[in-house]
Amino acid sequence: MMRDCPDGETRDLLPLFARGRLAPLDQARVESHIETCGECAAELRLLREVARAYDVAPVDVSTIVAGLPTRRPARAGVPFHRQPLWRVAAGLTLMITGAAAVLLVRDQPALDLGLSSIDSLALAPTGGGKGLVSSVPVTGAAAGTTAASTDPIGGGAPAMGFGVSLSDLTDAQLESLLASLERIEGTVLPDPETMAKVINPSGSDQDTGRES
Amino acid sequence: MIKDERAVDAALIARWKGGDQLAATMLVERHATALARFAASSGVRERVDELVQDTFVRAFNSIDSFRADSALRTWLFTIMKRLILDRMRAERRQGVAVELEEGHAVQAYDALDAMVADETAQRVRRAVDSLSPMQREVFLLRVTEGMAYGDIAKVVGSTEGACRVHYHNAMRSIKEIIGDDA
Ligand SMILES: [Zn+2]
């Protein structure tokens, strides 16, 4: 039986660390803890095995994009990527992603499970830096970057069809779950009136996200 | 502190609203694989790519109602979950057998064993499948996506505190089952 690390706060952050989801300082702090903690190192290996067991083949991005609705510009103005706020956001993201990438790369040799593919997958969908950099100035090339695999997700993806979490609900449970989703549904429906206040590109008032 | 991806998503959404279709491509690139993973770990066996596509179409069609106080990925997961439940209900009405009968899981393992040579992955999946549905959903969102408890709570319809408890109970069970030889 694996033992639990007495540092519950750090232990709780291990899944986020494994996926590169922590802010750089916390990412570094957890990494240095793991270097001296056998319990956390073992738990991290286990977490990475779980993540690997549920990984899927990359999705064909181009097919999905082809089916999306298009949006006409509401009004002419300064191109978004020329706006100062956008430049700051892009720069910050690049820095943060870069730092996280360095930490992840440093982390690799300590692991014995051939996990580099997991980490690159973890970075690809969340690491906005790559896509943003290639899009300023806008080029058509970015569209194909992660669409490299045209393998339909069903084909050869080992993760298919194993979970039973939703399908083992009874009819009554399913109906009640659907009912409980109605309020979320309410936020999904279009509401043009509220458009102006929806998006706050600065992100300044969001996600203080302290995890403990 | 959790790395904040929201500013990036918000900027891309604003660009798409301004008519930049490439921004849509980048949003799909950022979240499509996570959505496919979520579908697969929710028990979706077929037409996962179609489900991912439907989720994005629905999201883009109602993007004006997206509140930036929620992470975009969390919002996408809630949309997909709704679609999964809708599909499941439709299949049941059509009489498609989706109920888990006794022995169904074993057959699934057998089918997968033939496909997947990786014994470790099989062992892990069996352990995870032994969890309760709620424990499993919370655990997988935490481990495969690295999501904060607050975001997980929005997807599973629970509270942050309850999700933390579910995660740690799940972790304890997993360790008991496979921890010894992990
Ligand atoms: Zn520790």
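Some values worked out for this structure:
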read-out	value
Length-normalised contact order for segment A:8-53 - Cα pairs under 8 Å, 6+ apart - percent	42
Positive dipole terminus of chain B, leading residue within B:V165, B:A127, B:L22 (C-beta point charges)	B:L22
Point-charge dipole on Cβ atoms (K/R +1, D/E -1) for chain B, about Cα centre, debye to 20	620
CD proxy at 222 nm, helix term only [per DSSP H run n ≥ 4: -39500 (n - 2.57); per residue of chain B; nearest 500]	-23500 deg cm²/dmol
Relative contact order, percent, chain B [alpha-carbon distance under 8 Å, six or more residues apart]	18
Sequence-distant residues sharing a close amide H with A:D60 (under 5 Å, placed H)	A:I153
Rg ratio (alpha-carbon, reference 2.2 N^0.38 Å) - segment A:8-53	1.04
Sequence of B:D64, A:D55, A:D7 once ranked by neighbouring C-beta atoms within 10 Å, starting from the fewest	A:D7, B:D64, A:D55
Residue-averaged beta-carbon neighbours from other chains (10 angstrom radius) around A:40-51	5
Using θ = phi - 60° and Karplus 6.51 cos²θ - 1.76 cosθ + 1.60, couplings along segment B:8-23 (whole Hz; Gly, Pro as x)	5, 4, 4, 5, 5, 4, 4, 5, 4, 4, x, x, 8, 6, 5, 4
Choice from B:G146, B:G19, B:G95 showing the highest fluctuation, given a GNM over chain B with Cα pairs closer than 10 Å	B:G95
Degrees between helix B:133-145 axis and first principal axis of chain B (Cα, 0 to 90, nearest 10)	60
Using alpha-carbon coordinates, inclination of helix B:72-93 to the longest axis of chain B, degrees	60
Cα-based helix-to-principal-axis angle, B:160-178 vs chain B, degrees rounded to 10	40
More than 14 angstrom apart: percent of Cα pairs within segment B:1-58	61
Per-selection Rg to Rh, chain B - Cα, Kirkwood hydrodynamic radius	0.99
Cβ neighbours within 10 Å from other chains - mean over A:22-29	2
Distance (nanometres) between label positions extended 7 Å along Cα→Cβ at B:R89 and B:D69	2.7
For segment B:31-46, Karplus couplings with θ = phi - 60° (6.51, -1.76, 1.60), whole Hz, Gly/Pro x	10, 5, 5, 5, 5, 4, 5, 5, 4, 4, 6, 8, x, 6, 9, 10
Dipole magnitude of segment A:8-53 about its Cα centre (Cβ charges: Lys, Arg +1; Asp, Glu -1), debye to nearest 20	240
Protection proxy ranking of B:73-86, A:59-72 - average other beta-carbon atoms within 10 Å, highest first	B:73-86, A:59-72
Residues whose placed amide H lies under 5 Å from that of A:L22, excluding near-sequence neighbours	B:K3
Normalised contact order of segment B:1-101, rounded percent, pairs of Cα under 8 Å and 6 or more residues apart	25
Cα-based equivalent ellipsoid, segment B:1-101: semi-axes from gyration tensor eigenvalues, Å	29, 14, 12
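Every number here is computed from the coordinates shown, using simple stated rules; none is lab data. Values in this document were obtained by computation on a predicted structure and should not be read as measured data. Quick reminder, even Gly has a Cβ in these numbers, built from the backbone with ideal geometry, and neighbours come from all protein chains shown.
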